[in-house]
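Quick notes on the structure that follows.
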Amino acid sequence: MGSELSNPATQRMMIGSFLLAIVFLAVWEWGPAAFGIPQFIIPPASKVWDEFLRMLTRDRLMFHTGITAMQVVVGFVLGMILGMLVGFLLGMSPTAEFVLSPYILALQIAPKVAFAPLFVIWFGYTVYPKILVAILIVFFPIMINVLGAVRAIDPDIVRLARSFNASKLQIFWKIEFPASLPPFFAGLRIAATLAVIGVVVGELVGGNQGLGYLLTFGEGAGNTPMVFVTIIMLTVIGILLYGAIVLIENRVLHWLPGRARRAS
Amino acid sequence: MKTIRLECRNVTKRFAAQRKGEAPIVAVQNLNFKIADGEVVSLIGPSGCGKSTLLNMGSGLDPASDGEVMVDGEKVIKPNEHVAFMLQKDLLLPWRTIRQNVEFGLEIRGVPASERKATALGLLKKCRLPDFADHYPHQLSGGMRQRAALARTLAVDPAVLLMDEPFSALDAQTKMVLQQDLGRTLAETGKTALFVTHDLVEAIALSDRVLVMSQRPGTIIEEIVVDIPGRDNPMERRKSPKTGPYIAQLMSLLHIGEEVH
């Protein structure tokens, strides 16, 4: 990464990116007024910033952000583990896949956020419905990718291992597991953004905690800056999760051709 | 008389029919041959004559329907440590370095890490890849990858090497270089090998004997003893004036150029 930052072309692009951010903020601050758009439709950047500072002290913004972030992370991790397990099981047992695939497909097509009200009925205004929606929504991209990866393994590689007298467990740890990692991480990237959606929908449906609650509260009060601040905080949670995954992925998948070329 | 390393006794392999009511497909029928210690034997024949089936039976992945495949005097019924195979695909694992790939078989067999490493580095030197031990497969050319695959095959120190067209995916020149490497390595290590190929010159250049198989159901129709000196030097053998007549004999046995297209 160090060598990349010292590259003049990269530096130019970073400066460009930074300039674009300044232009964006300027347009946001003065653009709506110039076009006669009222502040309750699009509040200028400075108003949103003021609201952010107010919410920090008055509305326990960090508490609500923390609650949402916790639900996102717990749902994400559990959904990830579940997706991986089921992906491997189905990948290794064609019978299980054949029997289960219609049901899994049906569940995959069903819009997961629609389950939020049901989970609220089951578990009340607690953290559980939100985590459950996140698990459900994270599960599929991970499972599908792991399943696909196990399927795509060249049978001759497994035969090679078997000719060396490898056990089933050895074939799993030395071939199937590492081979599934690149698609697994691709699934994690997709799931990271979905997890936030799942939790927010859960919070919108019911409860008095989390950023989703602040969203409905801001809407009810006609407080547009508050809605803006909340959307930004949700985005920040998503970016942090996504960034963490990319960071781990770069360490784990350092052997992928594209990465190796960039590093050398 | 040298010890027999690989032997087929009346080996037949049938596959279940694709559709119900059809007769099973007989891939190979009544195969009989012996390969002595240190011998390199090529197996040549038309496409689909069951050459690869024979290698699968030899490696124990797919047992024979009738008859016996014997390696080192033991009947092959499952994968065993006397045999190692090498395919046209290098089958290197992309997440392992070349050294770790060479160690793969030893690792599965539970050989201690330090011992594995020493074996792998020694073989990489022998296969002329000593500077690539810590590279990943994608950083190597096709020829180098196939040499790494050879090192991985030799690492488990098999009594018999089964090779299924290992060089057929390589360009003509790389192929000659690798044949030379293989010829030298096999001579140095004194390994026994059964070498399946489509390339008539390769068969003559590399082996002591050539077995010619018929169309399916494959059976051995001819055995040719290659009487050209220098099996450890395939390049010279290619240039030998004796090679031409052998090729001509193989071509007529396989009816090459006789069909009307």
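No value in this document is a laboratory result; all are computed from the given coordinates. What you see is a predicted model, and the numbers here were worked out from it, not measured in a lab. Heads up, the Cβs are rebuilt from the backbone with ideal geometry, glycines too, and the neighbour counts pull from every protein chain shown.
Just a few scattered comments:
- When the listed pairs B:Lys75/B:Lys126; B:Lys34/B:Lys117; B:Lys51/B:Lys175 are checked against a 23 Å cut-off, the alpha-carbon distance exceeds it for B:Lys75/B:Lys126; B:Lys34/B:Lys117.
- For the range A:243-257, backbone phi angles converted through the Karplus equation (6.51, -1.76, 1.60; θ = phi - 60°) give residue-by-residue couplings of x, 4, 5, 4, 4, 5, 4, 4, 6, 6, 9, 4, 7, 5, x Hz, Gly and Pro being listed as x.
- From largest to smallest, the equivalent ellipsoid semi-axes obtained for chain A from the alpha-carbon gyration tensor read 41, 28, 14 Å.
- For the range B:91-157, the C-alpha radius of gyration sits at 0.95 times the compact-globule guess of 2.2 N^0.38 Å, with N the residue count.
- With neighbour counts taken as other beta-carbon atoms within 10 Å, the residues B:Met235, A:Met233 rank, fewest first, as B:Met235, A:Met233.
- Calculated from the alpha-carbon coordinates, the range B:201-261 shows an Rg and a Dmax of 12.6, 39 Å respectively.
- Take the Cα radius of gyration of the range A:168-254 and divide it by 2.2 N^0.38 Å, N being the number of residues; the result is 1.52.
- Gain in span if fully extended, A:Val77 to A:Phe24, counting 0.36 nm per residue against the direct Cα distance: 15.6 nm
- Rh by Kirkwood over Cα pairs, then Stokes-Einstein D for the range B:33-157 at 1.567 mPa s and 4 °C, µm²/s: 81 µm²/s
- Helices in the protein assembly as shown, meaning DSSP H runs of at least 4 residues, each add -39500 (n - 2.57). Divided by all residues, the mean residue ellipticity at 222 nm is -19000 deg cm²/dmol.
- Using alpha-carbon coordinates, inclination of helix B:98-108 to the longest axis of chain B, degrees: 70 degrees
- Across A:Leu89, A:Leu214, A:Leu20, mean-square fluctuation computed from a Gaussian network of chain A (C-alpha pairs under 10 Å connected) peaks at A:Leu20.
- Packing rank of A:21-34, A:73-86, where each peptide gets the mean count of other beta carbons within 10 Å, highest leading: A:73-86, A:21-34
- Per-residue shielding of A:151-163, expressed as the average number of other chain Cβ atoms within 10 Å of the residue Cβ, stands at 5.
- Between A:Phe35 and A:Ile231, the FRET efficiency estimated from the beta carbon spacing at R0 = 22 angstrom works out to 0.55.
- Across A:Lys47, A:Lys112, A:Lys168, mean-square fluctuation computed from a Gaussian network of chain A (C-alpha pairs under 10 Å connected) peaks at A:Lys168.
- Ascending count of other beta-carbon atoms within 10 Å, so fewest first, for A:Arg251, A:Arg151, A:Arg12: A:Arg251, A:Arg12, A:Arg151
- Overall size of the range B:116-208 from C-alpha positions, given as principal axis extents largest first: 36, 29, 18 Å.
- Here the average projected area of the convex hull drawn through the C-alpha atoms of the protein assembly as shown stands at 35.4 nm².
- The Cα-based radius of gyration of chain B, divided by its Kirkwood radius, gives an Rg/Rh of 0.97.
- Principal-axis analysis of the Cα atoms of chain B puts helix B:113-126 at an angle of about 70° to the longest axis.
- Averaged over the residues of peptide B:87-94, the number of Cβ atoms from other protein chains lying within 10 Å of each residue's Cβ is 4.
- Once the convex hull of all Cα atoms in the range A:95-225 is built, its volume per residue stands at 136 Å³.
- Sorted peptide list for A:141-148, B:24-31, B:10-17, criterion being average Cβ within 10 angstrom, highest first: A:141-148, B:24-31, B:10-17
- Each of A:Trp255, A:Trp122 was scored by other Cβ atoms within 10 Å of its Cβ. Arranged with the fewest first, they read A:Trp122, A:Trp255.
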